[in-house]
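Each value in this text was obtained by applying a stated rule to the coordinates, not by laboratory testing. Model, not experiment: these values are computed from the prediction. Positions of Cβ are generated from backbone atoms using ideal geometry, with glycine treated the same way; all protein chains shown enter the neighbour counts.
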Amino acid sequence: MVKQSNRQHMKHIIYSLLAVAVLMTGAGCKKDKGFGHDPNAPVVIEKFTPAVGGAGVEVLIYGSNFTKDTSGVSVTVNGVPAFVAGVVEDRILIAIPPKAGTGKIEVSIRGNKGASKDDFGYKPSTVVTTLAGSGNESYVDGKGTEASFNIGARCGIDIDENGFLYVPEAGNRRVRKIAPDGTVTTLTGNGNNGYKEGAAGEAEFYMPFDVVTAGNGIIYVSDPSAWTIRKVTADGTTSLVGWFEAWGLV
């Protein structure tokens, strides 16, 4: 969401553009007639405001030798194309594109280019999306929102060097594995309430609570209700590391 300060700034920009447009209309057309792009003269960017912002923030560029025909205007921020909202004589209003990065603002009018002296400071904005999980408390493997979990307690998670996420579930008494594309599979645990070592579908947990990755698909799982720390290999086979009332793992 755009912060309140950004909204106020955007309103100020819009009101400024409207005021300029009204002045140009009401004062005759002397200034309007002189407003045109000279392909033999440089495009000049004098300044822009705000100087810092994230994706979607509107920036007003001040300069000269612009054009009223927005179809002939293109603007980039750090080389990334920006949306041109409008042009009023010596001002161009743009929206900062996602993942632009910090860099120069460049205005191009039918190939005639001009760049800012200063960099625009890009601040990445956080976007939250659902990797996996339907929001229903149950046990379903699948991709993305097709999958369901039953965490049952405050459980820890960890991610390995290949981007796979491991989730211990006290409610389902299993350890689940989430691929980078959101596909959820059961790594180990048959759902029965107990303590048993073995292959993926044979192993049993009381309350798998925390997990830590160790590389090469190996993880360690704490089960404080069983007073154990377990090692789980890439194929889901468990083995006992030791008898401890371990909750968190690091």
Classified through the alpha carbon gyration tensor (a ≥ b ≥ c as square roots of its eigenvalues; rounded if a/c is under 1.5, else prolate when a/b is larger than b/c, else oblate), segment 121-171 comes out prolate
Could you tell me which GluC sites (Glu not before Pro) in segment 164-246 are loop residues by DSSP with no more than 16 other beta carbons within 10 angstrom of their beta carbon? E197, E202, E245
Percentage relative contact order, segment 167-211, counting C-alpha pairs under 8 Å, at least six apart: 38 percent
Whole-Hz Karplus couplings 3J(HN,Hα) for segment 241-250, θ = phi - 60° and coefficients 6.51, -1.76, 1.60, Gly and Pro as x, run 8, x, 9, 9, 8, 8, 10, x, 10, 10
For semi-axes √(5λ) of the Cα gyration tensor in Å, several values are listed as (i) 33, 23, 14; (ii) 39, 20, 15; (iii) 61, 17, 14; flag the one computed from this structure. (iii)
In nm, what is the difference between 0.36 nm times the number of residues separating N216 and N40 and their Cα-Cα distance? 57.1 nm
Using Cα pairs closer than 8 Å and at least 6 residues apart in sequence, work out the relative contact order for the chain, in percent. 10 percent
Starting from the Cα of K196, draw a straight line to each of the aspartates and glutamates and keep only those under 15 Å, dropping any in the same chain fewer than 8 residues away. E204, D223
Helical mean residue ellipticity (222 nm; -39500 (n - 2.57) per DSSP H run of 4+; nearest 500) of the chain: -3500 deg cm²/dmol
Where in the chain is the longest stretch that carries no trypsin sites (Lys or Arg not before Pro) classed as loop by DSSP and with at most 12 other Cβ atoms within 10 Å? 155-250
